[in-house]
Structure formats: C-alpha cells, structure tokens
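The values are calculated or read from the model by the stated rules, or taken from the named source; none is laboratory data. Here the structure is a predicted model, which means the values were calculated and not measured. Virtual Cβ from ideal backbone geometry, glycine too; neighbours counted across all protein chains shown. To get the accessible areas, we keep the full protein, side chains included, count just its heavy atoms, and leave off ligands, DNA and RNA. Shrake-Rupley method; radii C 1.70, N 1.55, O 1.52, S 1.80 Å.
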Amino acid sequence: MGATVRVYGLLLAAGFRRQATYRLAALSGLVANVTFGLLKVAVLFAAVRAAGGEVGGYDQGQMGTYIWLSQAMLGSVNFWGGSDIAERIKDGQVTVDFLRPLDVQAATITTEVGQALFAFVPRGIPQLLIGTVVVDMTWPGSVAVWVLAVVGLLLAVVISAATVYLVAAVGFWLVETRGVQLVYMVVSGFLAGLFVPIGLFPGWLELLAQATPFPSMLMYPVDMLAGQVDAAGAVGLVAVQVGWLVGVGGLGALLTRAGRRRLEIQGG
Amino acid sequence: MGSMGGSTRAGAGGSEPATDGTDDGTGGADPPAIIDMVGLTRQFGVRDGMRRRRLTAVDGLTVRIGAGEAVGYIGANGAGKSTTIKMLAGILVPTSGTVHTCGLRPVKDRRRLARQIGVVFGQRSQLWWDLPVRDSFRILAAIHALPAAAGRARTGELVEQLEMGEFLATPVRQLSLGQRMRAEIAAALLHRPRLIILDEPTIGLDVLSKQRLREFLIAERAAHGTTLLLTTHDMGDIERLCERVLVIDQGRLAYDGDLPGLAGSAGADRVLVVDLAAPTVDLTAIPAARHLGSEAHGLRQRLAFDAETTTAARVLAAVTGIADVVDFTVEEPDIEDVVRRLYAATRPSPGPPVASVEPVVSGPDAP
Amino acid sequence: MVEPATTATTVTTAMVTAAGVDAGAVDVRGAGGVDRGGRGGRGSVTVRERLRPYRAVLASRARSQTSYRTNFALDLLSSLLSAVVELAEVWVIFHATSGLGGLEFRQMLLVFGLADLAFSLADLVFGHCDRLPTYLRAGTFDVFYLRPQPLLAQLVTSELSLRRLARAAVGVAALSAGVVVCDVPWGPGSVLLLVTALLSGCAMFAAMFVWAGGLQFFLLDGREMTNAFVYGGRYAATQPASVWSRPLVVLFGFFFPMAFTGYLPTLALLGLPGPGWLPSWLGWCGPLAAGWTWAMALLCWRWGVRHYQGGGG
C-alpha cells in the first residue's frame, strides 16, 4: 500500500517537472488568456450593464471574477480532448503499459493532474494577480466556502483528466478517435461555461449542460471561488462533482478493462 | 586523371556553355566555376545555460569546383558539411567570406539558382509524403516550369533508368528507403540541373541498391556533364564516384585532392593481416612494418605499415620469407582515423596541408 | 498495366469539384495544359504558367484530404459544429439581455456573418501558416529554398483546409439571415459595401495568419502568443466594438483592425452611429485596414526569414 502511494507520488511529481521546461509556452499561454479575458470583460460587463446591473445572477464584480478565474483555470483543465494516452491506445503501444504493475487509468490521470496542478504556478497565479488589477475580484465569504472551493478546484482538474481519458479509451474500439475528440473540443468549453456563465443560458440549455460532467470542470469551482454560493450551495456543488467523478472514473475503469481484454483477444 | 574545367554540356535549362578550349584545367582564362567559396565562414550563437557562445560551424573555406567535376565531401558528423551545403543552396547567409554557386549569389539569386541546382537532403524529403510518387514528379515538373511533353519525357527517362516503374503509384510514405532515395534523386534531377548536391544518399541502403545508384550517377554525369558534390561516410561511394575529395574537420578544410593522396598525406597506416600455416612467434622484425597484435597463438598476425615508405607487397614478401602464409588481407585506414590525423597534422596553420595541391587540379603528382 | 490510382483520382476529382475547387484547371492525368507561354525567356511567361505550380500543389492537397472520406466528413462536421457553437455564444448573451453595445441580435447576425465568413475563407487558404514550427522542425521549410518560387507563396499553397468550407457555410447562413431580417436599404451602394467589407475582411484575416507565421521564426514554441491575436482577433471581430475599453479599441480597432471586418461595415450599412473613436464611415475603409495589416504581416515575414537565414536576403 505504501509503495503504491509512493509510486503515484512520483508520477505526480514527474508530471509537475515536465511543465517546468516550457517557459515560453507558459508565457504565451498567459498572454493568450489575458487577451481573451479582456475581450470577455468588455462583452460581459456590457451585458451586465444592459441588463440593468445584474444578469443571470451575476453582477459586475462577480462577472469579472468569473471571467478571470475561468481564464486562470484554462491551463489546468483540458478542453481540447487530446492526450498522450490516446495516441498510445490507437497505435497499440498501451499493451506495454498494461504489462506494468500500475493501473493504466489511474497512472494516466495522476500524471495529467500533476501537470495540471503545476500549470497553476506559471499560468494560473499570474493570471489571478493581473485579474486583481484589472477587475474587482470577489471572493468567498466564509472559510467553509473557501475550503470547499479549493476542494472543488481539485475535483475539477481530476474530472477533466478523467473525462479526457474516456475520450482516449474509446480508441480501443474506434480506429479513428478524431471525430470524438473534435466534438469534445467544440462542446466541452461551451457547456462548461467557459465563454458565458451557465446561469445565462436559457433554461433548456442550462439543463442540458448540467446533464454533462463539463460544468463540474469549470463552472462549479469558479462559482464557489467567486463567492456566488453560500456554504450549503457549495456542499451541493461538491457533491455533484464527486458524483460525476465516480461516474466518469467508473466508466473509465470499465472501458479500460474491456479494452484490455479486447487487445488480449486480438493478440495486440 | 579527372579533367577539370573542361567541357560542359548545356544539358540543364538555360545555362551558358563553359568551354574555353583548355583541357588542363589550370590557369588561362578560368572557366566560370560551378562552386566558388572564398573564406566562407559561418558562426552560430549558441545558448549554453546562461551564457551565449559563438560556435564556428564553417571556418574560412576556400574551394573552387569546376563544371563537370565529381567531388566527395567528407568529415565527421557535425564537422560542417550540412552548413556548407545550406550556404551553397542559399538557405543560410555566410557570416563572412563569399560564395558563388553556378556564378550566382545563393541567397540573393536563390530563385534563379534553384533552376540550376538539385539537392538531395538525406533526412528531409522533397517529395509529397502522402501522394503517389508519380504525383510528386508531376508537381515538380510544374514547379520547374517544364513544358508538359518535356516533363513527361524526362520523368519517363528517369523512371526507366532508376527502375521506379514498380512503385510509381505508391504513396511516398510507404516506400522502402532504397526506393525513396531513388525517387529523391530523380526529383532532384528532373530539371536537369548543372549541379547536384547529394547529402548522404546511400546511408542505410543495401549493397545492391548502393551499386545501382552509383552506376546511375556515373551514367548521368557521363551523359550530361552534371557536376556532383557528394557528402558521405561511405568510402565506397567516394572511390567509385569521385575524383576529388574535400575533407572538413571542425569547420576547416583539412584536405583537398584525390583519394590516394588522402591516406598518404595523413600518414595513416594500412594494415596487413596474415593467416599463417602454423602458430608462429610474433613477427616483430619485419622491416618498415609495426607489429600490432596476434591471435590464436600467432596463427593470425596484424602488421601496420606506412603506405608512403613501403608497399603491402614488400611487407608480405618479408613475411613469406619467415613463415608460411595461408591467406592475407589488407585493411585500409579508417576514414575517421585519417581525418583525425590529418587535422592533428595541420593544427597550427589553417587551410589545407602542403601535401595537397591548389584547389583546381586533382591530387598530387606522386604515385 | 492497370493503374489503380487513376480510379481513385477520378473519384476524388469528383469530390474535389463538388467541394468547389476547380480541379479541371489542373493537369490531373498528366496530359498537360497547353503551354502557351513556353520557355522562351522570363519576360514572356504567362500568368497561367506562373500559377501552374501552385495549382498543382493545391489540387494535390485537396485530393489528398478528400481521399480519406470518413475523416473528411468528420472534419466538416466538427468545423460546422464549432462555428454553430460560436454563434450560439453570441446568441446566449443577447438572449439574456435585450441588446448589447447598441445592437440587437438580428443586427449582430450581420456582424457575425461578415466577420466569421471572412475568417473562414482566410483560414481555408492561410490557416496553416502559423504551423511553421512543424515545417521548421521537420526540415521541410529548407526544401522550399530549393524551388524557384517565393518562400511565402510556397508556404501558403502547401496546404488547403477544405473543412473550413463547412465553417464558411455557417457564416454565409448568418449573413444571409441578417440581411433578410434587418431592414437593409438595398442598392448598389450597400452591395458594394458588403463586397468590399468581405474582401477586405478576408485579406485582413489572411494577413493575420501570415503575421503569426512570420513570428514563429522567433517564437517556435510560443504559438499561443500569436493565437491570442489571431483567434482572439476572430473573437473580437464578432463583438460589437462599442463595448470595448480604450486599450482594446487601440489593439483590435486599429492595430489589428478587427473591427473593420464586420462591426464597422454593419454600422455603415444600417446607418447606425459608431462609438468613440470608431465612426461608422470607417466601415468603408476596409481596404485601407487590409493594406495596413498586410504591410505589417509582410514585414514580420521578412524579419522572420532573415532571422532564420542569419541576415541578408
């Protein structure tokens, strides 16, 4: 048991270190996120003004916080759907991974999470600092919400990695996962509330989004961090996130096992 | 041996004939050189941790290659061969010195030059990866503005000579290495360039493919008088294709002459390996030969000798005088060894050693 | 000898023609176009001869893309979907409020239609230019030096993203819907304005891709930085510029003149007033903006190439 924990700890650290080499890429990401952030601020603040000071439950301060927090999370949440493991599953190299005494799904997700968590340092935190200058950031009112918000943030990162793993796992059966990945890229950000808070969606669209794991990757932790919800609401959101994590993770485990059996039968 | 500066056929598109009647290749009204490098230097700034160093990839190359020559260009990896080729083709700008290819300045007149040279990079393909080979030729014919009929004729000619008919319809990415190299060379020769530069064309090829490729190049040169500059690690290529050898080491020209002169001027030893009839004591007393080692209690012995001072025949004769020789071989000096010795010999002064001659004529006169 | 490739070529030619690319102009079977200009010296080379190599490469790229039918269909679908989602984002905001920046949603259809259509068309032809680092790493860019054509022309014609046509379809739909739903005063003036705006918009977005490409010589791994302004520019172009702060007006109003691709022409077309520094008559100045953007792009390209070669050129 201790050895397993240690192994996963090492994987996490390795994912961490990988990101450290890409400094220019991190700076570029920051520039991109800030630019998009400013553009979103322009549009959404105007929307708030046009709606008379509050739209979809967001006033100007909350809107600014939502924009900047979601931009800050972009480096750590995967909305384009691609991953290294997808390539390995497609060309069959994953059989080598199956031979190792590690659970492929857990190992992949752990490495991804490590990378994502590290990305907060060069991307997320500078983004937030810039945010405090550009907009008035609102924060959670109570310690309880703060704690739940951080938990929610971590859960979001893990859910994102787990869902992308699902996209990759489909590659055990489909020869070309490109279509799935492209649809994921188009739909995930939108339904996660990346461009517009889900609260602004018309009712039916909001329901549709809530029926997917995407809001758990972005909208819910952002809402908690922006002080949009009180403690009770935060507990509810975290519960939903946990539910999705279990669901997505469980499905991923099933697919991995079935996929492995398929490879063995095929003699891959 | 190897006439330089002699006649060129105007086989390539629109080139001016370079004949001026002189056949000795030296002096007189110099025919325009195909490649003319004077003090060519290229430096790179390299980031080394926190500091920046200046790396000199090519240092003061002065070489003149006349039309119709076949020149081998050898040197260790990283010695500066690729950088030289890039400067010849106009991909890199020299840091100092001048270079003229086919009488044109490569960077400034790149587009005109592209019509007169063909380059085959070993690692980079100029074919379209996912298209059939035939499509690549068709596109290249259009790129080089070959009239349709002439393009088809030339393609057919190359296909036949390089035996590519069997894989014309195959996408390039599915070709074997040998097939791909043939296609690349055909692609480079499609527009009948005056100069063709080949960067490691036979690397990774099997013996038969190498031989066929070499024969094709020899025939092509004979038919069209194309100038050939060949980068290679394979001495067989040099021996069969080239009359002249350039050796580059750490950016500097270490040798410019013919192949026999190369081993000679480097002072590298050839090695005679004798298999004896019975185990013999070490043959340390052979005149002008150095005993390197023995195997199997003296059944096989290795003797090194300097090709300048004695011959393999003499050493063998000396050995047969002492023991019964069943079989023997002669090993040539390893090219890397030769180059290293060459550079060590020339270390104090830049430029080619005294043993080789001025750039235009081939090799020293000594046998 | 049976040539299986011919059958495949015939099939894909049909698809290519259906996709709108004129494959007939290209020598598909090697019979060769009639050589009018001949090779009698550089001065007498006709335009058709000049374009022949580019047509040849583009046609082959088109063939190659359409030959993987499932992938192509998926690409078309995803392009379509992403354009629809982008329109939906705009719609959601306007659904939650009554109007934004002085415009209603039906008027935004015009803005979105013009800008997104211009972007899709530019992306079709120039979209791969910022993928230069891939070419550099593979050494494919060096091969461009060996051919008697300008480097930029070769880069641009090296690829053709046919799937962008699906995206363009959304732009066309939005533009048409907007033209119908708004009370556009019809006449030669408005037609001229629309055409000018569209062409200038295409030129501007094309220049953005070239600009990004030129910078890749310096950035190499920093593609996201240029993405900020190329794709950020697209995002900005589909917004009503009246909501922008001063810095944004300078950045996406003048420096990268995105506002000229859709918003300003819409104002001019509908006779609406413009915000602070962007009066509506600027809607007619698309060509000027395009000229400026191209000048900047070509300069960056030249700088980049010189950097790659180490000076000169």
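Roughly how many percent of the accessible protein surface of the stretch A:30-120 is carbon and sulfur, given a 1.4 Å probe and a whole-percent answer?
58
What's the magnitude of the charge dipole for the protein assembly as shown around its Cα centre, counting Lys and Arg as +1 and Asp and Glu as -1 at the beta-carbon? Answer in Debye, nearest 20.
Roughly 1700 debye for the protein assembly as shown.
Inside 10 Å of the C-beta atoms of C:73-84, what's the mean count of C-beta atoms belonging to other chains?
4
What number do you get for the stretch C:239-299 when its Cα radius of gyration is normalised by 2.2 N^0.38 Å, N = residues?
Expressed relative to 2.2 N^0.38 Å, the Cα Rg reads 1.07.
Ordered by packing density, taken as the mean number of other Cβ atoms within 10 Å over each peptide's residues, highest first, how do B:195-201, A:134-140 rank?
B:195-201, A:134-140
Given the stretch C:194-313, report the % of alpha carbon pairs whose separation exceeds 21 Å.
Roughly 39 percent, rounded to a whole number.
How many square angstrom of accessible surface are buried between C and B, both sides summed, with a 1.4 Å probe and rounding to 100?
Summed over both sides, the interface buries about 3300 Å².
Determine the per residue accessible area of the stretch A:88-216 with all protein chains present and a 1.4 angstrom probe, expressed in square angstrom.
Per-residue accessible area for the stretch A:88-216 comes out at 41 Å².
For the stretch A:34-58, list whatever residues lose no less than 40 Å² of accessible surface once every protein chain is in place, relative to that chain by itself, with the probe at 1.4 Å.
Relative to the lone chain, where solvent access is computed with a 1.4 Å probe, the stretch A:34-58 loses at least 40 Å² at A:T35, A:F36, A:L39, A:A42, A:V43, A:A50.
Quick check on chain A: helices-only [θ] at 222 nm, where DSSP H runs of length 4 and up contribute -39,500 (n - 2.57) each and the sum goes over total residues. Nearest 500, please.
-24000 deg cm²/dmol
Could you give me the percent of Cα pairs per 20 Å distance bin for the protein assembly as shown, shortest bin first, beginning at zero and ending with the bin that holds the maximum distance?
12, 34, 32, 17, 4, 0
Run the dipole for the stretch B:45-196 about the Cα centre, Lys and Arg Cβ at +1, Asp and Glu Cβ at -1, nothing else charged, and hand back the magnitude in debye, nearest 20.
It comes to approximately 820 debye.
Compute the projected area of the convex hull of the Cα atoms of chain A, averaged over all viewing directions, and report it in nm² to one decimal place.
Its average projected convex-hull area is 15.0 nm².
Using only Cα atoms, locate the centre of the stretch B:79-127 and the centre of the stretch B:155-184, then give the distance between them in Å, rounded to an integer.
If you average the Cα positions of each part, the centres end up 25 Å apart.
Of A:G243, A:M219, A:Q266, which is farthest along the charge dipole of the stretch A:155-268 in the positive direction, counting Lys and Arg as +1 and Asp and Glu as -1 at C-beta?
Checked the options; the winner is A:Q266.
With a 1.4 Å probe and every protein chain kept in, tell me what percent of the accessible surface of the stretch C:254-313 is carbon plus sulfur.
73
Using the beta-carbon distance between C:S176 and B:A222 and R0 = 60 Å, what value does 1/(1 + (r/R0)^6) give for FRET efficiency, to the nearest 0.05?
0.35
Quote the FRET efficiency, to the nearest 0.05, computed for B:E166 versus A:V143 with a Förster distance R0 of 56 Å and r equal to the Cβ-Cβ distance.
The calculated FRET efficiency here is 0.15.
Towards the positive end of the charge dipole of the protein assembly as shown, with charges on Cβ (+1 Lys, Arg; -1 Asp, Glu), say which of A:A46, B:A317, B:Q116 has the farthest Cα.
The one lying farthest along the dipole's positive direction is A:A46.
Using a 1.4 Å probe, what is the accessible area per residue for the stretch C:157-313, in Å²?
In whole numbers, the stretch C:157-313 has 37 Å² accessible per residue.
Residues with beta-carbon under 12 Å from that of C:L160, excluding C:L160: net charge, scoring Lys, Arg +1 and Asp, Glu -1?
+3
Under 17 Å from a point placed 7 Å out from the Cα of C:V250 along the Cα-to-Cβ direction: which residues of the stretch C:272-302 have their backbone N that close?
Residues C:276-278 qualify, since their backbone N sits under 17 Å from the label point.
Distance between Cα centroids, the stretch C:60-131 to the stretch C:269-313: provide it in whole Å.
Cα centroid to Cα centroid, the span is 22 Å.
Taking K and R as +1 and D and E as -1, what net charge do the other residues with C-beta under 9 Å from the C-beta of B:G75 add up to?
Local net charge: 0.
Cα-based count: Lys pairs in the protein assembly as shown below 26 Å, eight or more positions apart or different chains?
The result is 4.
Go through B:241-254, C:142-155 and give me the packing order, highest mean Cβ count within 10 Å leading.
B:241-254, C:142-155
Across the residues of C:147-154, average count of Cβ atoms on other protein chains within 10 Å?
That average works out to 4.
Which translational diffusion coefficient, to the nearest whole µm²/s, is obtained for the stretch A:82-218 from the Stokes-Einstein equation, given a Kirkwood hydrodynamic radius over C-alpha pairs, 37 °C and 0.692 mPa s?
Approximately 191 µm²/s, per Stokes-Einstein.
Could you work out, residue by residue across A:179-191, how many beta carbons of other chains sit within 10 Å of that residue's beta carbon, and then give the average as an integer?
Counting other chains' Cβ atoms within 10 Å and averaging over A:179-191 gives 4.
Roughly how much accessible area, to the nearest 100 Å², goes out of reach of solvent when A and C pair up, both sides summed, probe 1.4 Å?
3000
What share of all Cα pairs of the stretch B:66-187, in percent, falls into each consecutive 10 Å distance bin?
12, 35, 35, 17, 1
Compute the separation of the alpha-carbon centres of the stretch B:195-265 and the stretch B:283-298 and state it in Å as a whole number.
Each part reduced to its Cα centre gives a spacing of 35 Å.
How high is the FRET efficiency from B:D306 to B:R105, r the C-beta distance, R0 41 Å, rounded to 0.05?
The value I calculate is 0.40.
Mean separation of Cα pairs under 8 Å and 6+ residues apart, divided by the residue count of chain A: what relative contact order is that in percent?
Computed value for chain A: 27 percent relative contact order.
What's the magnitude of the charge dipole for chain A around its Cα centre, counting Lys and Arg as +1 and Asp and Glu as -1 at the beta-carbon? Answer in Debye, nearest 20.
720
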